[in-house]
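Q: One structure, pasted below without further comment.
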There are 2 protein chains.
Amino acid sequence: MTAFRKSDFPLSEVRQHLETGPIVLVTSAWQGETNIMTMGWHMMMQFSPALFGCYIWSANHSYELIHNSQQCVINVPTVELVDQVVAVGNSSGGAIDKFAQFDLTAAPAEQVKAPLIKECYANFECKLFDSNLIREYGLFVWEVVKAHVATSVKNPKTLHYRGQGKFMVAGETLDLRDQFRPQNL
Amino acid sequence: MTAFRKSDFPLSEVRQHLETGPIVLVTSAWQGETNIMTMGWHMMMQFSPALFGCYIWSANHSYELIHNSQQCVINVPTVELVDQVVAVGNSSGGAIDKFAQFDLTAAPAEQVKAPLIKECYANFECKLFDSNLIREYGLFVWEVVKAHVATSVKNPKTLHYRGQGKFMVAGETLDLRDQFRPQNL
């Protein structure tokens, strides 16, 4: 597996990697414990500051780590990691160390304690922006405070969950920039 | 363009068509006026009842129609409609009838007044479930009350916006059902 080299990425453009609806791996850390969960229910909510909302079920082992630390990292895997994506989703961090078990490499983040996954081409460090929607909807509203994206990856082959065990893999890219009104890009 | 034949689709499975993050066309109706807008910031929020959240900017002409009627239809286009997707996003319903202008066909919905777009392979009729997050986040929480999906479309080539005028088109499908724990499907 590739451990990508990354550079800083502008926070106002994180939609380029999240708006398409990829399955992501959410990492967390609390009191010396780290964990990873697979997550697919999320959306961009604002450009600047970059807000990102996601649903986290309270029964997930990661929920307590994320809820207590009020931090996480959103890591975006590509198709090479599909077995890890499924295995992470199948298992509970209460029983195993998912980094060791699934050959994923933790790297320190800059602004949060949750680790980056080196094998994911993009990593977004997040701090909790609003906790008011957690109780009713399990909806965490995050501010993305630091973004790392691999410079070598132009059109990432991200995974998009269709339910029933099926993933759609990102296909070709159409560049229709010339058809857009500039303010709508 | 294809005007798809559709059948009823189970509401608890609408995630199969929305969780992957497609660009959608939102239709609305209010006091005899209808409109269409292009929208990409959305997420599944609950299985049953099927809840779906989306961000709608108050400056959009559709905002008033949607806000007043408390209804909409989420129509999912495929790559054949990419020119319409861009054109709808470029224009304002205050000036033109987007159905006529862009050769899209309105069909009556069953439970809401907003029309279905026949050329979209899937249509989800929505009623407003929670208006409390609109003021702060522009976030409409919808209950999907009726779903129509084309039976002929197995792996829809949906459009996924990457920003900067680029769309990712849905690629191949991987069926990893055998690797999933049944309760995680």
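Each reported figure results from applying straightforward, stated rules to the coordinates on display, with no laboratory input. Please read these numbers as outputs of a predicted model, since none were measured by experiment. Ideal geometry is used to build each Cβ from the backbone, glycine not excepted, and the neighbour counts take in all protein chains shown.
Q: Say a label goes 7 Å from Cα toward Cβ at residue B:8 in every copy; what distances in nm does this one have to the rest, shortest first?
A: Shortest to longest, the spacings are 5.6 nm.
Q: How large is the dipole of the range A:72-128 about the Cα centre if only Lys and Arg carry +1 and Asp and Glu carry -1, each at its Cβ, rounded to the nearest 20 debye?
A: 220
Q: What are the nm distances, shortest first, from residue A:176 to its equivalents in the other copies, labels at 7 Å along Cα→Cβ?
A: Copy-to-copy label distances at residue A:176, shortest first: 3.0 nm.
Q: Cα-Cα pairs above 29 Å in chain B: how many percent?
A: 16
Q: Right, something else. Can you give the longest stretch of chain A with no exposed loop site, where a site means trypsin sites (Lys or Arg not before Pro) in a DSSP loop (not H, G, I, E or B) with at most 11 other C-beta atoms within 10 Å?
A: Result for the longest clean stretch: A:6-153.
Q: Roughly how crowded by other chains is peptide A:48-56, in terms of the mean Cβ count from those chains within 10 Å of each of its Cβ atoms? Provide the component values of the computation, followed by the final result.
A: Working: counts 0, 0, 0, 2, 0, 8, 1, 6, 0.
Rounded to a whole number, the mean comes out at 2.
Q: Could you name the residue in chain B with the C-beta closest to the rotation axis that superposes chain B on chain A, along with the separation in whole Å?
A: B:21, 1
Q: Based on the Cβ-Cβ distance of residue A:95 and residue B:184, what FRET efficiency does E = 1/(1 + (r/R0)^6) give at R0 = 22 Å, to the nearest 0.05?
A: 0.90
Q: Within a 10 angstrom radius of each residue's Cβ in B:172-184, how many Cβ atoms of other chains show up on average? Whole number is fine. Please report the intermediate quantities before stating the final value.
A: On the way: counts 7, 6, 10, 5, 9, 4, 2, 8, 6, 4, 1, 1, 6.
Per residue, the average neighbour count from other chains is 5.
Q: Another question, then. Dividing the Cα radius of gyration by the Kirkwood radius, what Rg/Rh value follows for the range B:30-82? Numbers along the way, then the final one.
A: Details: Rg = 12.5 Å, Rh = 12.7 Å.
Over the Cα atoms of the range B:30-82, Rg/Rh equals 0.98.
Q: Measuring from a point 7 Å out along Cα→Cβ, what nm distances, shortest first, does residue A:101 have to its partners in the other copies?
A: 5.4
Q: Here's another thing I want to ask about it. Per residue Cα convex hull volume for the protein assembly as shown, in cubic angstrom?
A: Taking the convex hull of the Cα positions in the protein assembly as shown, it is 127 Å³ per residue.
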